[in-house]
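Scroll down for the structure; my scribbles are underneath it.
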Amino acid sequence: MNVESPFAAQLQARPVEKRELAILGSITRYWVYGEADADITVVVTHGYRGEHHGLEPIVAQLPTVRFVSPDLPGFGESTPLTERRHDVDGYAAWLTQFVEALGLSGKAVILGHSFGTIVTSSAVANGLATPGLILINPISVSGLKGPRPLATRATVWYYKLASRLPERLGHCILGSWFIVRGMSLVLMKTRDKQVRRWIHSEHHTYFSRYANRDVVIEAFHASIADSVADFADQITVPTLLVAAELDDITPLSAHPPIIEAIGNAQLVVIPGVGHLIHYETPVPAAEAITQFLTTLKLP
């Protein structure tokens, strides 16, 4: 049963239009929030097994900003890539071509969440032009080196099992209600019962919207093999990291080396939240983003 978003009224006040583009063999569906003549445009890249809905709570807090929010190829309503693999290089190439196809290269600020922080960092490091980069819940260290090695190892075996079973059974395991609920319980830190119900509803509605088993397996391996650290010393644009005090994926200690490697970067830590900043604390995240945007030299 769907639970209405606490930010539904704010979102309904925003103009939104669904569009699509063919990029690297993917029919990429994307949503444009806000006015066409907005002074600032932000292109959003969501996290692993997410889709564009997940970052709407932050979109809702920034009514004067125009957001372009695609579903990653193979997730949500976007079809898989056919010309590249669903790895970090493939997604970074897709993002670069997506931004260029919209005529936003060098104009739009680039924002990534979770796995999207790896994709956006790779794209910017390899030449995607942008006035600034925003990383929410940045993956500053490989998932294989994160703070919960046993949980990571169990997750690796879970995906390995799903990849070796017959496809229908593998899909059932990947989309298991119990697995999704367990993931949701682990990541949530809020004690607000209504917010918890809503987050569970979001995860059960959107976490298993992927095209096929191969896509989700390929992307999983990409999500744990690389990190922002692999690209930080090649990023030269102003960068904002919005990190969580209680993140189960990346410890706070992993972020200072990223700040040092990038040089022109700043870190904002939101207390009392984990890997779900976009759901649990979108208001302070939006405040940090607003402050960051005022410092950029926009075209």
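When you scan region 148-161, do you find a residue that is part of a helix (DSSP H, G or I), of a type in the set (Gly, Ala, Ser) and within 15 Å of the chain's Cα centre (by Cα), even just one? Within region 148-161, none of the residues are part of a helix (DSSP H, G or I), of a type in the set (Gly, Ala, Ser) and within 15 Å of the chain's Cα centre (by Cα). Among residues of region 168-182 that are in contact (Cβ under 8 Å) with a residue 40 or more places away in the chain and more than 11 Å from residue 204 (Cβ to Cβ), those with a Cβ under 6 angstrom from a residue that is of a type outside the set (A, V, I, L, M) and part of a helix (DSSP H, G or I), sequence gap 6+ or separate chain, pair up as 170/213; 171/213. Residues in region 10-52 that are charged (D, E, K, R), outside any strand (DSSP E or B) and without any contact (Cβ under 8 Å) to a residue 60 or more places away in the chain: 14, 35, 37.
Cβ separations smaller than 6 Å between residues 6+ apart or across chains give the following pairs from region 243-257 residues that are without any contact (Cβ under 8 Å) to a residue 60 or more places away in the chain to residues that are small (Gly, Ala, Ser): 246/274. None of 268, 195 is touching a Pro at 6+ places or on another chain (Cβ under 9 Å), surrounded by fewer than 18 Cβ atoms within 10 Å (Cβ to Cβ), of a type in the set (A, V, I, L, M, F, W, C) and free of Cβ contacts under 8 Å to residues at least 40 places away in the same chain except 268. In the set (1) part of a helix (DSSP H, G or I); (2) farther than 25 Å from residue 212 by Cα; (3) of a type outside the set (Phe, Trp, Tyr), residue 191 fails one condition alone, (1).
Scoring residue 74 on the criteria (1) out of contact with any helix residue (DSSP H, G or I) (no Cβ under 6 Å at 6 or more places or on another chain); (2) surrounded by fewer than 24 Cβ atoms within 10 Å (Cβ to Cβ); (3) on the phi > 0 side of the Ramachandran plot; (4) not hydrophobic (A, V, I, L, M, F, W, C) leaves a single failure, condition (1). The helices (runs of 4 or more DSSP H) found wholly in region 53-140 and carrying at least 3 residues that are hydroxyl-bearing (Ser, Thr, Tyr) occupy 115-125.
Has region 210-219 got at least one residue that is under 22 Å from residue 126 (Cα atoms) and either out of contact with any Lys or Arg (no Cβ under 7 Å at 6 or more places or on another chain) or not charged (D, E, K, R) (or both)? Yes, because at least one residue in region 210-219 is under 22 Å from residue 126 (Cα atoms) and either out of contact with any Lys or Arg (no Cβ under 7 Å at 6 or more places or on another chain) or not charged (D, E, K, R) (or both).
We did not get these values from a lab; they are worked out from the coordinates using the rules stated. The shown structure was predicted, so the numbers you read here are calculated from the model rather than taken from an experiment. Neighbour counts are summed over all protein chains in view; Cβ atoms, including those assigned to glycine, are modelled from backbone coordinates with ideal geometry.
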